[in-house]
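Visitor: Can you keep this structure in mind? I'll have questions shortly.
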Amino acid sequence: MEIKKVGVLGCGLMGSGIAQVCAMAGFDVSVLEAEQKFLDKGFTGIEKSLAKFAERPAEKGGITKEQKDAIRARLKGTTNRSDLADRDIVIEAIIEDVPQKKGMYAAIDGVAKKDAIFASNTSSISITELMTATKRPERFIGLHFFNPVPLMKLVEVVRTIATADDVYENAYEFAKKLGKVPVRTSDKTGFIVNRLLVPYLLDAIRAYEEGVGSIEDIDNAVKLGCGYPMGPFTLLDFVGLDTTYYITHVMYDEFKERRFASPPLLKRLVMAGWYGRKSGKGFYDYADPEKPKPQKL
């Protein structure tokens, strides 16, 4: 089956980004949300993102006004599940909550055509667990995009023990058509990136807790010593400390290893509502977003 029509569940940061890259690649896209206000917010973000692409020269991925208008014409928002009945692939990008995801899949399963592929953008939840909410286990995969979706090239293509070979290959080729670099992985908690990234981030927090160095010095050491574009604390604040904290629970529950367990400081920051950039405070204070200051924790 050739994928031509795409459905996206959720129009938040990730859902709107996925919808945008699909439309930019020439696919007809319908985005489902619970309420119109969420669609309006997501599509406003898409408009801003496309405007930035329109400001770039063509050799750097820029688009013309005509291309921008054509992309926007391929994007439609809806609050009606039946509008996804003709989609060839449906990509879920809602909150990282198992009951909510499974409830959504169960509802869409009866609406979508039988040969439609279901995909989840989850970064840590078991794809196998999510697929049990449907009657199409062989047509269920993971497509894990990275934030910001229009700029990040990687997509983890995740297969379960039940995923059909042709579905997996179709999803892999679909990611390539989006201009992404897909990597193949299996349904092991954290997949490739978070399996390696999360212990590194948590170890940075432990190093700070143990007095190895300050927040700023650890960040600078990693950037300048390892050549990383940003240090662990800057990255944690960007990803969201609440998101990382949630992932630690999923991964520790799976592996029962200390390297996946949340350090006490991370827990306390989340309890205080200090989630990073999005809340204005995390390991850094973002009162001046252009010049964030490391906190004294």
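Visitor: Scan the stretch 156-163 and tell me whether some residue there is more than 15 Å from the chain's Cα centre (by Cα), assigned to a helix (DSSP H, G or I) and either over 28 Å from Y252 (Cα atoms) or among the hydroxyl-bearing types (S, T, Y) (or both).
Guide: The answer is no; no qualifying residue exists.
Visitor: Y252: hydroxyl-bearing (S, T, Y), surrounded by 14 or more Cβ atoms within 10 Å (Cβ to Cβ), free of Cβ contacts under 8 Å to residues at least 60 places away in the same chain and farther than 16 Å from Y275 by Cα, yes or no?
Guide: The answer is yes for Y252.
Visitor: To continue, here is another question. Within the stretch 119-178, track down each residue that is under 26 Å from G240 (Cβ atoms) and acidic (D, E).
Guide: Correct list: E129, E156.
Visitor: Out of all the residues in the stretch 64-94, which are at pLDDT below 95 and in a loop (DSSP other than H, G, I, E, B)?
Guide: T64
Visitor: Considering only residues that are crowded, with 16+ Cβ neighbours inside 10 Å and touching a Lys or Arg at 6+ places or on another chain (Cβ under 9 Å), look in the stretch 180-191 and name the one that is farthest from R258 (Cα to Cα). Full working, then the answer.
Guide: So in the stretch 180-191, the residues crowded, with 16+ Cβ neighbours inside 10 Å come out as 180, 182-183, 185, 187, 189-191.
If we keep only those that are touching a Lys or Arg at 6+ places or on another chain (Cβ under 9 Å) too, we end up with 180, 182, 185, 187, 189.
Numbers: K180: 33, P182: 30, T185: 24, D187: 21, T189: 15 Å.
Taking the candidates together, the pick is K180.
Visitor: How many of the residues making up the stretch 115-135 are surrounded by fewer than 19 Cβ atoms within 10 Å (Cβ to Cβ), of a type in the set (V, I, T) and assigned to a helix (DSSP H, G or I)?
Guide: Here the count works out to 1.
Visitor: Here's a check for you: in the stretch 52-88, which residue that is touching a residue at least 12 places away in the same chain (Cβ under 8 Å) and of a type in the set (G, A, S) is nearest to P148 (Cα to Cα)?
Guide: A54
Visitor: Pick from L224, L235, L266, L241: which is hydrophobic (A, V, I, L, M, F, W, C), more than 20 Å from the chain's Cα centre (by Cα) and closer than 20 Å to K296 by Cα? Spell out the reasoning first.
Guide: Numbers: L224 fails: closer than 20 Å to K296 by Cα; L235 fails: more than 20 Å from the chain's Cα centre (by Cα); L241 fails: more than 20 Å from the chain's Cα centre (by Cα).
Exactly one of L224, L235, L266, L241 is hydrophobic (A, V, I, L, M, F, W, C), more than 20 Å from the chain's Cα centre (by Cα) and closer than 20 Å to K296 by Cα, namely L266.
Rundown of residues vs (1) assigned to a helix (DSSP H, G or I); (2) in the same structural domain as S123 (by TED's automatic domain parsing); (3) within 21 Å of L265 (Cα to Cα); (4) touching a residue at least 60 places away in the same chain (Cβ under 8 Å), yes/no style:
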| site | (1), (2), (3), (4) |
| --- | --- |
| G179 | no, yes, no, yes |
| A204 | yes, no, yes, no |
| D217 | yes, no, yes, no |
| G225 | yes, no, no, no |
| L235 | yes, no, yes, no |
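Visitor: Condition test on Y275, is it under 18 Å from N147 (Cβ atoms), within 18 Å of the chain's Cα centre (by Cα) and of a type outside the set (A, V, I, L, M, F, W, C)?
Guide: yes
The values are calculated or read from the model by the stated rules, or taken from the named source; none is laboratory data. Computed from a predicted structure; not experimentally measured. Neighbour counts are summed over all protein chains in view; Cβ atoms, including those assigned to glycine, are modelled from backbone coordinates with ideal geometry.
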